[in-house]
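Visitor: Encoded as structure tokens, here's the structure I'll be asking about.
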Amino acid sequence: MRHALTLLFVGICLMLPSCAAPHPCYRTSVGTGPDEIPLVVVGGTPYDMGYAVGRLMKDEVAACTSAWLAGARAEMPERCTDEQLDAAWKSVAPHTDKRFQQELRGLADGSGVPYERLLRMHMIPVVSDFACSGVIVWGEATKTGHLLQLRNLDFTVNAHLQEYPLIVIYVPDRGIPHASVTVAGMIGANTGMNARGVVMGEKGESPKKDHPFDLNGTHFLTLFRDVLWEARSLDEAVGMIRSAKLIKRYYFYVGGRKGDGWGGAKVKVTTPDSPPLHVWRDNDKDDELSPEVLPGAVYNTMNNELAWKRLKADSGSYDPDKMIALSRDLASRNGNLLDAVYDAEALEMWVAFAEGSQHAFERPYVHVKMTDYLDPTYVPEGATLLPAKK
């Protein structure tokens, strides 16, 4: 019965331009032992949601911010001075939705960490390089027809960000409920899924020779949050990416509903080159990986030879377990901070974070059923509940 009520609530929220239904804000967790991951559910305005995360994750936000800034400055001292990070914000700010600043202000007020310090932490990915993997399979490539997507964040574990894992379920007063797999204090989305089944992932492609980067545009962390907040379909998500002023070089992976079914797209961002982006769907003969393409799949990974071999051999039989196995095999052995596998139709995900010196692919992938947390009548036993505003 609770599952039916949840789907009814989600349906009502998605039909209205804004959902005024109150939603409890609380902290709980998924997983056990060293693989326990804090999960917070927050609702309301951008400021309200940032404030709730700050209050519920106060100690972790402060510790993660300090660790990330210290680690980045040790690894990239020239790029991560206060002056460089402030200059990065000055470049991306005109292209960043005001919701970001409102939410970050709430996070600062809730956690007690100064706004400027949080802002500088958010600029570290803007000036950094990434190397990751993304695969989407759907339709005839899967066992059930569901869209399945993996995202590996191949990022250093030396900054100890894995000590502050976090999954946030956002239920905004205006927009689409969505989940972000992140670390404490980071409100940009490196990956996530919304209640319409839109899933986002990324692979960095900016070489060191491109530095200093032209940062006059929007960064994918804030762009992904905007997409999750607003996009109701694959085409809407891709349209938002096309209309954004993009920076650096990336692959974006977008999964979601298309017409009566599901579909995926791989977007290659090639700024500062012209044209600035390319979009490929499944089995596209113009895909740069062609002829190694097949129906119901797009990919670009740290090991495309292995990815193609596995995709071709297992096409038609993919389920979450096989996607988790593929995620493990494709992850970087030099730095793998977090991995996520999504079932976009069932609104479920499996998440692994690094633990100590062990990479994410070496850890269990913890199951999360997103629909549970979208139910406004559901608060898990033992959760820390944030009192509602009077």
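The values are calculated or read from the model by the stated rules, or taken from the named source; none is laboratory data. Everything numeric in this text was worked out from a predicted model, so none of it was measured. A quick note on method: Cβ atoms are made from the backbone with ideal geometry, for glycine too, and the neighbour counts reach across all protein chains shown.
Visitor: I'd like the residue in region 355-376 that is touching a strand residue (DSSP E or B) at 6+ places or on another chain (Cβ under 7 Å) and part of a loop (DSSP other than H, G, I, E, B) and, out of all such residues, is surrounded by the most Cβ atoms within 10 Å (Cβ to Cβ).
Guide: TYR365
Visitor: Return a yes/no flag: does region 213-224 have any residue that is assigned to a strand (DSSP E or B), touching a helix residue (DSSP H, G or I) at 6+ places or on another chain (Cβ under 9 Å), touching a residue at least 24 places away in the same chain (Cβ under 8 Å) and of a type in the set (S, T, N, Q).
Guide: Within region 213-224, one or more residues are assigned to a strand (DSSP E or B), touching a helix residue (DSSP H, G or I) at 6+ places or on another chain (Cβ under 9 Å), touching a residue at least 24 places away in the same chain (Cβ under 8 Å) and of a type in the set (S, T, N, Q).
Visitor: To continue, here is another question. Taking the options VAL293, VAL351, name whichever one is under 25 Å from THR142 (Cα atoms) and either surrounded by fewer than 23 Cβ atoms within 10 Å (Cβ to Cβ) or more than 18 Å from the chain's Cα centre (by Cα) (or both).
Guide: After applying the criteria, what remains is VAL293.
Visitor: Pull out all pairs, ordered by first then second residue, where Cβ-Cβ is under 6 Å, the residues are six or more apart or on different chains, the first lies in region 297-318 and is within 13 Å of GLY134 (Cβ to Cβ), and the second is among the small types (Gly, Ala, Ser) and outside any helix (DSSP H, G or I).
Guide: Every condition considered, the pairs that remain are VAL298/GLY264; THR301/SER133; MET302/SER133; MET302/SER332; LEU311/ALA297.
Visitor: Please determine whether any residue of region 133-143 is in contact with a Leu (Cβ under 9 Å, 6 or more places away or on another chain), in a helix (DSSP H, G or I) and either free of Cβ contacts under 8 Å to residues at least 24 places away in the same chain or at positive phi (or both).
Guide: Within region 133-143 (the criterion being in contact with a Leu (Cβ under 9 Å, 6 or more places away or on another chain), in a helix (DSSP H, G or I) and either free of Cβ contacts under 8 Å to residues at least 24 places away in the same chain or at positive phi (or both)), the answer is yes, since at least one residue qualifies.
Visitor: I'd like to verify a number: residues in region 92-122 that are in a helix (DSSP H, G or I), touching a Gly at 6+ places or on another chain (Cβ under 8 Å) and either of a type outside the set (D, E, K, R) or at positive phi (or both), how many?
Guide: Residues flagged as in a helix (DSSP H, G or I), touching a Gly at 6+ places or on another chain (Cβ under 8 Å) and either of a type outside the set (D, E, K, R) or at positive phi (or both) within region 92-122 amount to 13.
Visitor: Same structure, new question: Among the residues in region 321-340, are any in contact (Cβ under 8 Å) with a residue 12 or more places away in the chain and among the acidic types (Asp, Glu)?
Guide: Yes, because at least one residue in region 321-340 is in contact (Cβ under 8 Å) with a residue 12 or more places away in the chain and among the acidic types (Asp, Glu).
Visitor: Give region 221-267 a look and list any residue that's among the aromatic types (Phe, Trp, Tyr) and at pLDDT 95 or above, or say none.
Guide: PHE224, TRP229, TYR251, PHE252, TYR253, TRP262
Visitor: Further question: When region 360-390 is examined, which residues are found to be free of Cβ contacts under 8 Å to residues at least 60 places away in the same chain and either in contact with a Leu (Cβ under 9 Å, 6 or more places away or on another chain) or closer than 10 Å to PRO24 by Cα (or both)?
Guide: LYS369, PRO387
Visitor: For MET200, all conditions in the list (1) closer than 20 Å to ASP154 by Cα; (2) outside any strand (DSSP E or B) hold save one; what is the number of the exception?
Guide: The one condition MET200 does not meet is (2).
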